[in-house]
Amino acid sequence: MENVVLTVHLILALLLIGVVLLQRSEGGGLGLGGGGGGVMTGRQAANALSRATWMLATGFLITSIALTVIAARNSAGVSVVDRLGGSTAPATPAPATGLPTLPTYAPPPGSGQPVLPPGAAAPVTPAAPASTAPATT
């Protein structure tokens with residue numbers, strides 16, 4: 001049922017957009033106000049498009065309300081948090097500043113080298129040069 005109403009809703013939305021775009025621009029904002037040479041006179045076209053706009057807008061509002069009612073029935077008072085299985089209590093207490101704490105990065109154990117893509121050779125680090133300065137005591 002929900003899919004049928006949603007499909008009708010989307011079709012009405014597209015038709016409503018089309019009918020609104022077909023109407024004559026009264027303000028001439030883009031200078032594209034439609035000419036007088038057509039099958040219907042300007043007055044008849046305005047009445048037909050105005051009625052079509054009202055009918056499509058009414059249908060759009062009815063399907064919007066129907067989709068809201070269907071969604072409310074399907075939710076049945078279940079919280080999104082309950083669906084995910086999470087708890088409402090925070091995992092870590094917030095600091096005194098009120099800002100949440102960020103998780104810290106812990107590298108995998110035994111990793112002294114950077115992570116490389118597969119097949120890449122580890123970079124060679126040059127050995128520290130021996131000190132040539134005499135040791136002072």
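How much length is gained on full extension from residue 9 to residue 61, taking 0.36 nm per residue of separation minus their Cα-Cα distance?
In short, 17.8 nm is gained.
May I ask you to rank 1, 55 by accessible area, largest first, using a 1.4 Å probe over the protein chains only?
From most accessible down to least: 1, 55.
How much of residue 17 can a 1.4 Å solvent probe reach, expressed as accessible area in Å² and rounded to 10?
100
Simple spin-label model, 7 Å along Cα-to-Cβ: residue 22 to residue 74 in nm?
3.2
The values are calculated or read from the model by the stated rules, or taken from the named source; none is laboratory data. None of these values were measured; they are calculated from a predicted model. So basically every Cβ, Gly included, is an ideal-geometry build from the backbone, and we count neighbours across all protein chains shown. Heads up: the accessible areas ignore ligands, DNA and RNA and are worked out on the full protein's heavy atoms, side chains in. Shrake-Rupley method; radii C 1.70, N 1.55, O 1.52, S 1.80 Å.
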